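The values are calculated or read from the model by the stated rules, or taken from the named source; none is laboratory data. In this text, all values refer to a predicted model and were calculated from it rather than measured experimentally. Counting neighbours? That spans all protein chains shown, and the Cβs are built from the backbone with ideal geometry, glycine included. Just the protein is used for accessible areas: all its heavy atoms, side chains included, with ligands, DNA and RNA removed. Shrake-Rupley method; radii C 1.70, N 1.55, O 1.52, S 1.80 Å.
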Amino acid sequence: MRKPFIAANWKMNHTLESSCQFLQELPKQLGKIPSTNIDIAICVPYIYIIPITQKLVSVNQENGYNVKIGAQNMHWEAKGAFTGEVSGPMLSDIACTYIILGHSERRTLFGETDEKVSKKAKAAFASGLMPIICVGETLAQRDSNETMGVIQSQLLGSLASLTPAQVEVSTIAYEPVWAIGTGRAATPAMAQEVHKMIREYIAKHYGESISQNIRIQYGGSVTPENALDLMAQPDIDGALIGGASLKADSLSKIIQATLAKKNLL
Ligand code: 13P
């Protein structure tokens, strides 16, 4: 049984003050949950990792949570002359646990290629960070029936540097580009079809057991309303959430929906 994994991707949002308000609000909205049944991460802008980690210590302790912190990008080199970049060792140094890699916004706006994602994934493991590797097709690719081919090629390139044991503990986030920030989520059936294909791809390349253990999140306009049906799908193991993760109440509802649909409450 795969443990569900809900990750918030705050992207370039929130201030220090509103982040702290979010953390104050979280226990009020989330209440008591069986924390060991689900993994939860909040992936925040770099500069907020330290203050939010400090605040999370008491939020976790007081409420029996185990919410972890993630970053949204990193460089593949450990150090050097790379102005403006942040490395894996720096992130693990400040107790960061997860790292989002190859998000479509990084792929389209910042020239991230599968090859770079693969180098970053290897570097993430070398620093003890757990990667969330994003894949997804554009609307034009979906309309021309290229979805499966595009995703298989992203998986081939992005996972190239990892050992099978590393693939097994990585998370894949299926985020159709046309569903991100548009309010137009994939239907549960559409998402399930791609998630199943991703699992079959992993089974073919890394074996059945690894394919049964790897977690595959769905991302793209996830809301408390559509989370119930999405999380009812057998190959959807959680979500990577943008807009709806910025407020403690909507993130909490998605976490609760996931626990309910996976019969883990
Ligand atoms: P939205 O939930 O805002 O569509 O964003 C999804 C996403 O890109 C998460 O990484």
Of the residues in the stretch 93-114, those that are assigned to a helix (DSSP H, G or I) and within 16 Å of the ligand (Cβ to nearest atom) come to 104, 105, 106, 107, 108, 109
Top-ranked residue of the stretch 194-234 - restricted to ones that are away from the ligand (no atom under 16 Å from the Cβ) and outside any helix (DSSP H, G or I), ranked as surrounded by the fewest Cβ atoms within 10 Å (Cβ to Cβ) = 234
Among the candidates 153, 245, 250, residue that is away from the ligand (no atom under 11 Å from the Cβ), at pLDDT 95 or above and farther than 19 Å from residue 2 by Cα = 153
Residues of the stretch 163-193 classified as away from the ligand (no atom under 16 Å from the Cβ) and either open to solvent by 40 Å² or more (accessible area, probe 1.4 Å) or charged (D, E, K, R) (or both), total = 8
Go through the stretch 92-109 residue by residue and tally those that are under 24 Å from residue 51 (Cβ atoms) and open to solvent by 70 Å² or more (accessible area, probe 1.4 Å).
-> 1
Matching option when the condition is of a type outside the set (Gly, Ala, Ser) and assigned to a helix (DSSP H, G or I), among 83, 36 | 36
Out of all the residues in the stretch 61-72, which are farther than 14 Å from residue 8 by Cα and open to solvent by less than 70 Å² (accessible area, probe 1.4 Å)?
-> 63, 64, 65
Residues (part of a helix (DSSP H, G or I) and open to solvent by 10 Å² or more (accessible area, probe 1.4 Å)) located in the stretch 235-256 = 243, 244, 249, 250, 253, 256
For residues that are of a type in the set (Val, Ile, Thr), within 15 Å of the chain's Cα centre (by Cα) and outside any helix (DSSP H, G or I), tally how many sit in the stretch 158-176.
-> 2
Failed condition for residue 130, given (1) open to solvent by 50 Å² or more (accessible area, probe 1.4 Å); (2) more than 18 Å from the chain's Cα centre (by Cα) | (2)
Which of (1) open to solvent by 20 Å² or more (accessible area, probe 1.4 Å); (2) part of a loop (DSSP other than H, G, I, E, B) is the odd one out, the single condition residue 89 does not satisfy?
-> (2)
Residue 58 versus (1) open to solvent by 40 Å² or more (accessible area, probe 1.4 Å); (2) closer than 26 Å to residue 214 by Cα: which is the lone unmet condition?
-> (2)
